[in-house]
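Engineer: The following block contains the structure, expressed as structure tokens.
All of the numbers you see were taken from the coordinates with simple rules; none came from a lab. Keep in mind it's a predicted model, so treat the numbers as computed, not measured. Heads up, the Cβs are rebuilt from the backbone with ideal geometry, glycines too, and the neighbour counts pull from every protein chain shown.
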Amino acid sequence: MTADNGNREKLKKHAEMLGLELPDRSIDMFFKFMDLVYGMESGRRLTAVPRDEAISRHILDSLQAVSFIPKENRVVDIGTGGGFPGILISIARPDLTMTLVDRSKNACRFLSLAKKELGMDRIEILQLDAKARILRTKSWNVMIGRASLKPLEMVKLANEILKPKAKLVLYLGKNTAPVFLSDREKINGFHMEEIKEYILPDDGIKRWICCIEKD
């Protein structure tokens, strides 16, 4: 994946389909971030996605959550790994204050580099296990979970961390969606706000993103 005109137009076109009008600066930042991911030795341990699939499977997949996040909110990305989706959402939505949580020293070292190289001052990086007690002392409006924990484990964690009216946004795949969506009684303390089904370009695989709000 290079920042040639074809890839830039592809990213811009599909972002517009999500209701996002990305300025050139944001598009430049997406490609610079991916250069960092794939240009480092550590990048091999941050993602298994081939570089030529990164626009679809990393950037556009991550951006599916943007419509669920109100403006000027405090967001926490639990188990962010290489910054998917936290950094990518922050590039598209510079109004947000984003906290990236991951227990991996290697991942957090990379995230710190990316924060510096991209000049993203509204990002905080915490090297912590998702179940660390200190997370209960902080306050966020939105919590995001992409693949770090099973959906019901993420709901349990959100119930402990989030305050009433805060939102949990979950990315669901073909294996996790049927179980989670068919057993809504287990999301005690939350109510379903919206479920969106989507298929990524060049992929064809059905995915879901779900937004629930704490009662």
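Engineer: Return the pair list, or none, for Cβ contacts closer than 8 Å from residues in the range 80-96 that are crowded, with 21+ Cβ neighbours inside 10 Å to residues that are among the acidic types (Asp, Glu) and in a helix (DSSP H, G or I), at least 6 apart or on different chains.
Structural biologist: Correct list of pairs: Phe84/Asp61; Pro85/Asp61.
Engineer: Within the bounds of the range 206-214, is there any residue that is loosely packed, with under 14 Cβ neighbours inside 10 Å and either within 17 Å of the chain's Cα centre (by Cα) or in a loop (DSSP other than H, G, I, E, B) (or both)? Even if it seems obvious, please write down each step before you answer.
Structural biologist: First, pick out the residues of the range 206-214 that are loosely packed, with under 14 Cβ neighbours inside 10 Å: 206.
From the residues that got through so far, the ones that are either within 17 Å of the chain's Cα centre (by Cα) or in a loop (DSSP other than H, G, I, E, B) (or both) too are none.
No, the range 206-214 contains no residue that is loosely packed, with under 14 Cβ neighbours inside 10 Å and either within 17 Å of the chain's Cα centre (by Cα) or in a loop (DSSP other than H, G, I, E, B) (or both).
Engineer: Filter the range 130-181 down to the residues that are exposed (fewer than 14 other Cβ atoms within 10 Å of the Cβ) and of a type in the set (S, T, N, Q), then identify the one that is farthest from the chain's Cα centre (by Cα).
Structural biologist: Only one residue fits best here, namely Thr137.
Engineer: Under 8 Å between Cβ atoms, at least 6 apart or on separate chains: pull out the pairs that start in the range 6-33 with a residue that is closer than 20 Å to Glu197 by Cβ and end on any residue that is of a type in the set (Asp, Glu).
Structural biologist: Here the result reads Ala15/Glu21, each pair linking the range 6-33 to a residue that is of a type in the set (Asp, Glu).
Engineer: Something else about it: For the range 136-199, which strands (runs of 3 or more DSSP E) that fit wholly inside it have 1 or more residues that are without any contact (Cβ under 8 Å) to a residue 40 or more places away in the chain? Don't jump to the end; show me each part of the working.
Structural biologist: On the way: elements: 142-145, 167-172, 190-199.
Those strands (runs of 3 or more DSSP E) span 167-172, 190-199.
Engineer: Those residues that are on the phi > 0 side of the Ramachandran plot and surrounded by 10 or more Cβ atoms within 10 Å (Cβ to Cβ), I need them from the range 182-205; list them, please.
Structural biologist: Once the filter is applied, which keeps residues that are on the phi > 0 side of the Ramachandran plot and surrounded by 10 or more Cβ atoms within 10 Å (Cβ to Cβ), the range 182-205 yields Gly189, Asp202.
Engineer: While we're looking at this one, here's another question. What residue, among those in the range 42-56 that are touching a residue at least 24 places away in the same chain (Cβ under 8 Å) and more than 14 Å from Pro201 (Cβ to Cβ), is farthest from the chain's Cα centre (by Cα)? Explain how you work it out, then say what you get.
Structural biologist: Our first condition is that a residue be touching a residue at least 24 places away in the same chain (Cβ under 8 Å); within the range 42-56, this holds for 42-43, 45-47, 51-56.
With the extra rule that they be more than 14 Å from Pro201 (Cβ to Cβ), the set shrinks to 42-43, 45-47, 51.
Numbers: Ser42: 20, Gly43: 17, Arg45: 18, Leu46: 14, Thr47: 14, Arg51: 18 Å.
That would be Ser42.
Engineer: Only residues in the range 57-74 that are at positive phi count as the first member; pair them with residues that are outside any strand (DSSP E or B) and surrounded by 20 or more Cβ atoms within 10 Å (Cβ to Cβ), Cβ under 9 angstrom, at least 6 apart or cross-chain, and list the lot.
Structural biologist: Listed pairs, sorted by first residue: Glu72/Leu96.
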